[in-house]
Amino acid sequence: MATKKNLRLRKSCSRQLVAHSATPLTQVSFALNVASANVVDYSCFGGDRPFFSAYELRENTPTDHGFFFLLTCRPNRGVPQPTLMDIVKINSERLRRRTFAIISHPDAGKTTLTEKLLLYGGSIEVAGAVRGRKSQRAVKSDWMELEKQRGISVSSTVLTFEYAGKQFNLLDTPGHHDFSEDTYRTLMAADVAVMVIDAAKGIETQTEKLFRVCAARKIPVVTFVNKIDRPGPVPLEIVAGIEKEFSIEAIPVNWPVSSPLSFIGIVDLAARQLHQFLDRSGDIRGETAIRDWPTFAQQPQAYDDQPLNQRAIQTAAEEIDLLDLAGHQLQRDLFLRGKQTPVFFGSALTNYGIELFLKGFIDICPPPGENPELLSIEQREHADFAGFVFKIQANLDPQHRDRVAFVRICTGRFERDMDVVVARSGNRVRLPRALKIFGRERQTMDEAYPGDIIGVVCPGEIRLGDTLYQGNPIEFQGVPQFSPEVFARVTCPDTSRRKQFDRGIQQLVEEGAIQMFRSVGRVKETILAAVGELQFDVVQFRLESEYNAPSRIEWLPYKIARWWRGKNGGDTPPKTPYSARLVVDGYGSPAVLMQTQWDLKTLLADNPDYEFSEIQESRALMER
């Protein structure tokens, strides 16, 4: 069978298409007669498996016979590979996915926007409130009791919904600086980031930091300017501020028609239509009146009996004319390279512009694997299942008390009960259960495709940053560990709960909720560390609620941590200031804890033959 020369392709009840011989590194081009790239009904002659083990199958350009695809084949080396029908199915499902994360400064409206996207996606019927009356429904993304009490997001969440034939995988991230490490890890699983900006407050500190992280990771950014119905800077100032602060071209996709005292609607710039929102409650999907914008700008009274702000309409018309003359055009390649950001205006609380955002986002957001900056050619050509663990969460459901690993699928198809290899250890692990996560809710999944985020009920073998794969070995970038800024001893005052306390601390360290260091020397001391103090509040809350273990915190004076290594490969510790402390982290990597910036400057000056790092890359790889 390995010598068979021709591979025939046939579509049921349609014409036959014959591809040329699939010899090594042969590129086969053929047209598929399909509608909306939903191709599943192909059969393959000459055995159950085709004779190739790596392929590239992507949508190119429409033709008279459908969409044109390229297929690159290599001979099979004895490893069972997907059939051609599997490949086309995987590709059609990949093209349906949109995987993105939402980032913002606290109180910019990130969680409210998340809730409204679920509302318009049909996943919920009534939108919840981050802060509100006891009778109001809580938001889906803030499932932890501490989040409900404080009205802030402290943990990243995965939410999935369908809209206009596409599947959206939404990663809601914490906005507060103290939980930025969880946000950075979650961004690794996203193809695009949606940056939410408060129209009144402008670009805030945490928004700027998260944008820099996206730029470093080559993640394209879509901007949503929220609370546009409230008094604040004019839209042109907001767009200019984005360009100045981030050195990026801001391309408006829609434009608000408003003044500080009135809000009329939002103009879809491509369709030249004004959307007027008739329902201002925001809890449910409201009615929208669509007007022809050029006609409305000339004669607004013909569409509305109520007196409208003529000055606001005239100003918006002049601004839109200015954008037509002097504005940039959105170019997909520049957007994927992080040189442009599409800008949407709206108000998540009142639903203004939410549906416009979703419709525009479908075309702008690339499907998984389309951005060459995020996956290498070798990784994109991997034919079998491969994904990486970017988050671990224990006790997601108190009734189960299990440990769930969040896996971003990058290539191939995931099937329940499949055996995978853990790249870090080389061990094979069976995955008997896979879950579709929706906030705290869970649903068993039988299969998943590139771009999907699945929850795997995992044994202790799987750790944060691990790559899981089938077939040829592959490895994705590991999860970074960031320099903490707050250090403490955490002890259990109740000796009868010591066992539960130790188990809880160990689990929280494995999740990445807290970092652990152990001192070097005769006296072995365990030190816990975090980016911000609120992380310790979460640790104490979870120890009490999930493990019934009280805790007491004793703050330590250290403020800075740096991982070190000798430039010549030696393991002799560097010379440290008197107040500094040599430690090893939870993965055995040596580090130095310091109290002041002066200590850090002294350390760097006294040790020119050492490298000191603020970020420890590839956490899973360090254990080899």
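Taking the criterion of being more than 20 Å from the chain's Cα centre (by Cα), open to solvent by 60 Å² or more (accessible area, probe 1.4 Å), without any contact (Cβ under 8 Å) to a residue 40 or more places away in the chain and farther than 25 Å from Ala190 by Cα, would at least one residue in segment 442-457 satisfy it? The answer is no; no qualifying residue exists. Screening Pro574 with (1) buried (at least 19 other Cβ atoms within 10 Å of the Cβ); (2) under 27 Å from His177 (Cα atoms) gives one miss only, at (2).
Scanning segment 344-359 for residues that are open to solvent by 10 Å² or more (accessible area, probe 1.4 Å) and closer than 12 Å to Thr223 by Cβ yields a total of 0.
Does segment 572-584 contain any residue that is part of a loop (DSSP other than H, G, I, E, B), at pLDDT 90 or above and aliphatic (A, V, I, L, M)? Checked against the condition, which is being part of a loop (DSSP other than H, G, I, E, B), at pLDDT 90 or above and aliphatic (A, V, I, L, M), segment 572-584 yields at least one hit.
The set of residues in segment 586-614 that are out of contact with any helix residue (DSSP H, G or I) (no Cβ under 8 Å at 6 or more places or on another chain), more than 22 Å from Asn568 (Cβ to Cβ) and either in a strand (DSSP E or B) or of a type in the set (S, T, N, Q) (or both) comprises Leu593, Gln595, Thr596, Gln597.
Among residues that are over 24 Å from Pro366 (Cβ atoms) and part of a loop (DSSP other than H, G, I, E, B), Gly451 is not included. For segment 295-307, a residue qualifies if it is in a loop (DSSP other than H, G, I, E, B), modelled with pLDDT under 75 and either out of contact with any helix residue (DSSP H, G or I) (no Cβ under 7 Å at 6 or more places or on another chain) or open to solvent by less than 50 Å² (accessible area, probe 1.4 Å) (or both), and the qualifying residues are Asp304, Asp305, Gln306, Pro307. For segment 592-614, the criterion of being open to solvent by 10 Å² or more (accessible area, probe 1.4 Å), in contact (Cβ under 8 Å) with a residue 60 or more places away in the chain and not acidic (Asp, Glu) is met by no residue.
Suppose the filter is in contact with a Leu (Cβ under 8 Å, 6 or more places away or on another chain), closer than 30 Å to His382 by Cα and modelled with pLDDT under 85; does Gly521 pass it? The answer is no for Gly521.
On the stretch given as segment 500-548, residues that are part of a loop (DSSP other than H, G, I, E, B) and within 24 Å of the chain's Cα centre (by Cα) total 5.
Among Lys166, Lys148, which is the only one that is open to solvent by 10 Å² or more (accessible area, probe 1.4 Å), basic (Lys, Arg), touching a strand residue (DSSP E or B) at 6+ places or on another chain (Cβ under 6 Å) and at pLDDT below 85? Steps first, please.
Values: Lys166 fails: at pLDDT below 85.
Residue meeting the stated conditions: Lys148.
Can you confirm whether Ala561 is of a type in the set (Gly, Ala, Ser), touching a residue at least 60 places away in the same chain (Cβ under 8 Å) and open to solvent by less than 30 Å² (accessible area, probe 1.4 Å)? Yes, satisfied.
Could you tell me whether any residue of segment 483-491 is buried (at least 20 other Cβ atoms within 10 Å of the Cβ), hydrophobic (A, V, I, L, M, F, W, C) and within 20 Å of the chain's Cα centre (by Cα)? No, segment 483-491 contains no residue that is buried (at least 20 other Cβ atoms within 10 Å of the Cβ), hydrophobic (A, V, I, L, M, F, W, C) and within 20 Å of the chain's Cα centre (by Cα).
Looking at segment 285-294, is at least one residue in contact with a strand residue (DSSP E or B) (Cβ under 6 Å, 6 or more places away or on another chain), modelled with pLDDT of 90 or more, part of a strand (DSSP E or B) and open to solvent by less than 70 Å² (accessible area, probe 1.4 Å)? Scanning segment 285-294 turns up at least one residue that is in contact with a strand residue (DSSP E or B) (Cβ under 6 Å, 6 or more places away or on another chain), modelled with pLDDT of 90 or more, part of a strand (DSSP E or B) and open to solvent by less than 70 Å² (accessible area, probe 1.4 Å).
Filtering segment 308-327 down to residues that are more than 19 Å from Phe263 (Cβ to Cβ) and surrounded by 14 or more Cβ atoms within 10 Å (Cβ to Cβ), which residue is modelled with the highest pLDDT? So, considering only residues that are more than 19 Å from Phe263 (Cβ to Cβ) and surrounded by 14 or more Cβ atoms within 10 Å (Cβ to Cβ), the one modelled with the highest pLDDT is Leu323. Looking across segment 324-343, the residues that are in a loop (DSSP other than H, G, I, E, B) and closer than 21 Å to Ile219 by Cα come down to His328, Gln329, Leu330, Gln331, Arg337, Gly338, Lys339. When segment 256-275 is filtered for residues that are assigned to a strand (DSSP E or B), at pLDDT below 90 and not small (Gly, Ala, Ser), the ones remaining, listed by number, are Phe263, Ile264. Scanning segment 493-550 for residues that are among the hydroxyl-bearing types (Ser, Thr, Tyr) and open to solvent by less than 30 Å² (accessible area, probe 1.4 Å), which turns out farthest from Pro590 (Cα to Cα)? Result: Tyr547.
When Gly478, Gly471 are screened for being open to solvent by 10 Å² or more (accessible area, probe 1.4 Å), part of a loop (DSSP other than H, G, I, E, B), among the small types (Gly, Ala, Ser) and modelled with pLDDT under 90, only Gly471 passes. Only one entry in Val194, Val239, Val158 is out of contact with any helix residue (DSSP H, G or I) (no Cβ under 7 Å at 6 or more places or on another chain), under 28 Å from Val539 (Cβ atoms) and crowded, with 22+ Cβ neighbours inside 10 Å, namely Val158.
Residues in segment 458-468 that are assigned to a loop (DSSP other than H, G, I, E, B) and surrounded by 19 or more Cβ atoms within 10 Å (Cβ to Cβ): Cys458, Ile462, Arg463, Leu464, Gly465, Asp466. Of all residues in segment 422-438, those satisfying the criterion of being in a loop (DSSP other than H, G, I, E, B) and out of contact with any helix residue (DSSP H, G or I) (no Cβ under 9 Å at 6 or more places or on another chain) are Gly426, Asn427, Pro432, Arg433.
The values are calculated or read from the model by the stated rules, or taken from the named source; none is laboratory data. Quick caveat, the model's predicted, so the values are computed rather than measured. Every residue, glycine among them, receives a Cβ derived from its backbone with ideal geometry; neighbour counts consider all protein chains shown. Calculation scope for accessible area: heavy atoms of the full protein, side chains included, ligands and nucleic acids excluded. Shrake-Rupley method; radii C 1.70, N 1.55, O 1.52, S 1.80 Å.
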